[in-house]
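The values are calculated or read from the model by the stated rules, or taken from the named source; none is laboratory data. Please read all numbers here as calculations on a predicted model, not as lab measurements. Reconstructed Cβ throughout: ideal geometry from the backbone, glycine too, with neighbour counts over all protein chains shown. Ligands, DNA and RNA are excluded from the accessible area calculation, which covers all protein heavy atoms including side chains. Shrake-Rupley method; radii C 1.70, N 1.55, O 1.52, S 1.80 Å.
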Amino acid sequence: MSPSMKETSLETMEKKGEDVNGIMKKEQDKLFDPSEAPPFRINDIRAAIPKHCWVKNPWRSMSYVFRDAIVISALLAAALYFRSWFFWPFYWVAQGTMFWALFVLGHDCGHGSFSDNPILNNVMGHILHSTILVPYHGWRISHRTHHQNHGNVEKDESWVPMSEDLYNSLSSRTKFLRFKIPFPLFAYPIYLWHRSPGKTGSHFNPYSNLFAPQERKHIMTSTTCWIAMVVFLVYLSFVIGPSMTFKLYGVPYLIFVAWLDVVTYLHHHGYEQKLPWYRGKEWSYLRGGLTTIDRDYGIFNGIHHDIGTHVIHHLFPQIPHYHLVEATKAAKPVIGKYYREPKKSGPIPFHLIENLVSSMKQDHYVSNSGEIVFYQTDPNLFSPPKSA
């Protein structure tokens, strides 16, 4: 056998070996039950994360604010300079993505991972979130509820599954708007005003059942800041016209909302294997947190401050975003199969479209009973009505 034939044969054997290993890994993943109680404790994960990952550097956090503000200003200046339809589509996508980046920094403020100074966190949180029409304290408090109850069917707050009875009580119109893309991608403003199906209250109302009596003054502050931003936008529309205001701010705002809805949804839905949701005694903070999913967003990972690195963030939200990748790498040996490695993305995360569409078609409700439940599918959701 010639050397070249030997090399080809070795390459073929290696490739076959890789294929076999890949098949074996997939079969092992199928046998693994993600609803089983993990054999480790949350303190085991905490101990594996380097100590410096817990350190919050306010100067570093502010540097990201300045970076994003510079990019937003540059995009705005470019849009005003070109004022051309060849530039608007690029501007809308880029600026909407930067609005989403601002949200993530305000999100860090809400978790206290921006700095150790509560005053700085709240001031920056209000500036960042009010700018993109998010009531900071209202969001912060409901988001805290989400983290404290992640994976809990009865108590979670963000994209929580509906019970079968609740699902069946919804009108066909509501079901259509909730599950038919693109409508769910623009649900966030409605959620801020009315929450999710089966829940009541508003993020703007200090007397909403979302908030404790001692939190009402915070809600009034955030709602006032939100109103101030709305007044500014109305004033701006009189100065430069409603059409230009919509182009400069309105369309990027809608892109930002779509980013927010897609990313938050895919953090908790759309994995290739059905993941559990819990009730009652089966739920724990650790088990709920382990149902979250990391995602790779390609070139956007750094732009939106590694928000796709989500499992460790959910378990330890006080870790700054700029340490999440390192913390995750350190924690993976402890978490083992309970950590789901994100599918590698190209520059643009087109692969996530399939996850989103598939989940919207399949993940509709969970059983009314049971302490460990999985999403079920309504096969008739998008079927045309039968004629009499």
- So Y271, is it free of Cβ contacts under 8 Å to residues at least 24 places away in the same chain and open to solvent by 40 Å² or more (accessible area, probe 1.4 Å): no
- Message: Quick check on this structure: which one of S383, S369 is over 19 Å from the mean Cα position of the chain (by Cα), in a loop (DSSP other than H, G, I, E, B) and within 23 Å of S196 (Cα to Cα)?
- Response: S369
- Item | Number of the condition not met by L177 [criteria: (1) outside any helix (DSSP H, G or I); (2) surrounded by fewer than 17 Cβ atoms within 10 Å (Cβ to Cβ)] | (1)
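Yes or no: I372 open to solvent by 20 Å² or more (accessible area, probe 1.4 Å), modelled with pLDDT of 95 or more and hydrophobic (A, V, I, L, M, F, W, C)?
yes
Can you tell me which residue in the stretch 65-112 is most open to solvent (accessible area, probe 1.4 Å), limited to those that are β-branched (V, I, T) and within 18 Å of Y297 (Cα to Cα)? Give the steps one after another, and end with the answer.
Filtering the stretch 65-112 down to residues β-branched (V, I, T) leaves 65, 70-72, 93, 97, 104.
Next, from what is left, pick out any that are within 18 Å of Y297 (Cα to Cα): 93, 97, 104.
On the way: V93: 79, T97: 8, V104: 3 Å².
Checking each candidate, the answer is V93.
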- Can you name the condition, by its number, that S237 falls short on among (1) over 17 Å from L128 (Cα atoms); (2) in contact (Cβ under 8 Å) with a residue 24 or more places away in the chain; (3) assigned to a helix (DSSP H, G or I)? (2)
- Message: I need the helices (runs of 4 or more DSSP H) fully contained in the stretch 247-346, keeping only those with at least 2 residues that are over 17 Å from V104 (Cβ atoms).
- Response: 251-266, 285-289, 324-335
- Could you please find all residues in the stretch 183-207 being open to solvent by 60 Å² or more (accessible area, probe 1.4 Å) and touching a residue at least 60 places away in the same chain (Cβ under 8 Å)? F186
